[in-house]
Ligand code: FES
């Protein structure tokens, strides 16, 4: 088994699970099914490991000889995090692949970006799969339209240890560290820092840490470097911490 570098479950299974570990599975759910007959244009939008079900659908469509146009917009943290890179490079010409790497480009999903690729996107059958923050933005762009089907996942709620204080230097506010992510703690303090995916993919929430130690909830790594840029949606302060928010 291979661990998805963006993933939490696959990394846990590869690195931590042992024979005898009990894994509970739930029923598959959601609206990720294809209509019959197939429309002549399809739009897929995915983020991070949300690409997996989308690739599965694209493979099935191509195997069935689908000759319509598929637009495939995918967000991955960086090229190093791109799953299925070789397969994506070899898709046939009727599949228009657009890969966006927020770490490099600073771009994340906006309705304007989507309308540049597919000007009439609200009228095109669309499937979107990715982190909850991305899906919320896509749902807002479709404004309740019936062409959008979604699947989403959330970052598991990992908690740190409460203790010390968190200082939001721009706001001039200090609050007791509750052990949740800095994004959640900032919001609990009434602040509105920018965010996108809330899952460490899009870099929209990158903020400057002036001092203190933070733990990455995805990797468990701690960093005590002063003056570093961190993604506050996946960073938990360990003790005192000061962030420019
Ligand atoms: S990396 Fe996307 S909101 Fe933090």
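Table for the structure above
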{"read-out": "For 146, 229, 125, order by how many other beta-carbon atoms lie within 10 Å, fewest first", "value": "146, 229, 125"}
{"read-out": "The range 97-245: antiparallel DSSP beta bridges as a percent of all, rounded to 5", "value": "65"}
{"read-out": "Most mobile of 177, 94, 216 in a GNM of the chain (Cα contacts under 10 Å)", "value": "94"}
{"read-out": "Likely footprinting exposure, 129, 202, 16, fewest C-beta neighbours within 10 Å first", "value": "16, 129, 202"}
{"read-out": "DSSP bridge pairs, the range 165-243: antiparallel proportion in percent, nearest 5", "value": "85"}
{"read-out": "The range 165-243 shape via C-alpha gyration tensor axes, a/c threshold 1.5", "value": "rounded"}
{"read-out": "Shape parameters for the range 33-104, alpha-carbon atoms, Rg then Dmax in Å", "value": "12.3, 39"}
{"read-out": "Residues 54, 214, 100, 238, sorted so that the one with the fewest Cβ neighbours within 10 Å comes first", "value": "100, 238, 54, 214"}
{"read-out": "Alpha carbon convex hull of the range 64-108, volume per residue in cubic angstrom", "value": "77"}
{"read-out": "Three-way shape call for the chain based on the alpha-carbon gyration tensor, with the a/c threshold at 1.5", "value": "prolate"}
{"read-out": "Helix axis angle, 51-63 relative to the chain longest principal axis, alpha carbon, degrees", "value": "10"}
{"read-out": "Angle between the chain longest axis and helix 132-142 axis [Cα atoms, degrees, rounded to 10]", "value": "50"}
{"read-out": "Alpha-carbon centroids, the range 170-214 and the range 50-89: separation in whole Å", "value": "33"}
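Here, each number is a calculation from the coordinates, and none is a lab measurement. Since this is a predicted model, take the numbers as computed values, not measurements. Counting neighbours? That spans all protein chains shown, and the Cβs are built from the backbone with ideal geometry, glycine included.
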